[in-house]
1. Could you tell me how far the Cα centroid of the stretch 42-78 sits from the Cα centroid of the stretch 274-332, in Å?
2. Using Cα atoms only, what is the angle between the long axis of helix 48-59 and the major principal axis of the chain, expressed in degrees (0 to 90) to the nearest 10?
3. Cα-Cα over 24 Å: which of Lys83/Lys216; Lys152/Lys216; Lys25/Lys385; Lys73/Lys134; Lys73/Lys93; Lys83/Lys185?
4. Go ahead and set up a Gaussian network model of the chain, Cα springs under 10 Å, then flag whichever of Gly116, Gly213, Gly104 fluctuates most.
5. Taking the Cα atoms only, what angle lies between the long axis of helix 16-29 and the longest principal axis of the chain, rounded to 10 degrees?
6. In whole Hz and in residue order, list the ³J(HN,Hα) couplings for the stretch 270-278 that follow from phi through the Karplus curve 6.51 cos²θ - 1.76 cosθ + 1.60, θ = phi - 60°; x for Gly and Pro.
7. Rank these by accessible area, largest first, 1.4 Å probe: Thr269, Thr17.
8. Taking H placed 1.01 Å from N in the peptide plane, check which residues at least 5 places from Lys152 or on another chain put their amide H under 5 Å from its amide H.
Amino acid sequence: MDILLAKRVKALTPSTTLAITAKAKALKEEGFDVIGLGAGEPDFNTPQHIIDAAVVSMNEGQTKYTPSAGLPKLIAAIIEKFKKDQGIDYTSKEIIVTNGAKHGLYTLFQVLLDEGDEVIIPTPYWVSYPEQVKLAGGVPVYVDGLEENEFKITPEQLEKAITERTKAIIINSPSNPTGVLYTEKELFELGQVCLQKNVLIVSDEIYEKLIYGQNKHVSIAQLSPELKEQTIIINGVSKSHSMTGWRIGYAAGNKEIIEAMTNLASHSTSNPTTTAQFGAIAAYTGSDTPVEEMRKAFEERLNIVFDQLVQIPGITCVKPQGAFYFYPNARKAAELSGYETVDGFVEGLLEEAKVAVVPGSGFGTPDNIRLSYATSLNQLEEAIKRIKSFVESKMS
């Protein structure tokens, strides 16, 4: 039987992260001691009070459908979270709970984009942004976040990229894969361009709780009433509360857009998982201590391992300010190791050094690699030793 797949699906690019993870897993199953640094999730269990709340909800019979936009009690908790953290006021009609932040983004682009509409995506970018835009019939327009500018784009770059078909820009701060943050001034200046050109701002703030040093997270929506109206915030509990598998995210913004997203969700997923929503209520109404403990652990790893990472021959790196990724430039290291491409260098690391990292080609910058420090300090330090030894052995 000949199966004719839809053109939009055939155009998708497979996830680089999943591919490297699958290969590392296969080597592990063969008995090799592989250290995987590809993970995009915290290596902590979900806090116990969240698990307990979910169990209680099931035992009390809370296992039925909920409203498509989410439980009113969870929406109320999200509204309070915005008031406390960003000083922004939303109504219940401006919030939708989704099956993870990724589903929130997917649903947003489905209701927002017509065929040929353009979405500006700064590079490097999270791998799913362009694919989701393409699935909605949109066109990704890439703007280079240069390494010398900490991978951040400028207002001048943004303005130059805007056309009559531009519908939105995605801003991810802190960023996956770079871990860098936009400052309040930088966000305000980008926002002014978006207001002048009537470009919707999609602000992905999933890593907002994982900030290090003296840095602080700023949402572009909190900078003015006009920018709030121009912005759709995407967030969730996956990274902040180590709840990646629970699949609870949310979107906040213009009520007409949120209503459209809710209508679409009612015909696609019906509602987010009921039990997981009760867990998310506990996440936002319970103690923040586990969140802070996890953040401190990530910060310790960052500060210890960064200094070791930049000692590897041919490696340079912008120090992350948030999230849990290093995104070093490995072009010189690849050349010193005898590889023409960084992708080849990554394959060599896995095959010979048994260290799995993600090539930057999947994020739009082929000279870089992404290393997650969402693993134990011992594993991280051993991985850096192996990478350093690998490069030095190839040089000699």
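The values are calculated or read from the model by the stated rules, or taken from the named source; none is laboratory data. Everything quoted here is computed from the prediction, not taken from an experiment. No Cβ is skipped: glycine too gets one built from the backbone with ideal geometry, and neighbour counts run over all protein chains shown. Accessible surface is based on the protein model in full, side chains and every heavy atom, while ligands, DNA and RNA are left aside. Shrake-Rupley method; radii C 1.70, N 1.55, O 1.52, S 1.80 Å.
1. 25 Å
2. Helix 48-59 and the main axis of the chain meet at about 50 degrees.
3. With Cα atoms farther than 24 Å apart: Lys73/Lys134.
4. Maximum among the listed residues: Gly213.
5. Tilt of helix 16-29: around 60 degrees.
6. Coupling constants for the stretch 270-278: 6, 6, x, 4, 4, 4, 5, 5, 5 Hz.
7. If we order Thr269, Thr17 from most to least accessible, we get Thr269, Thr17.
8. Hits under the 5 Å cutoff: Leu146.
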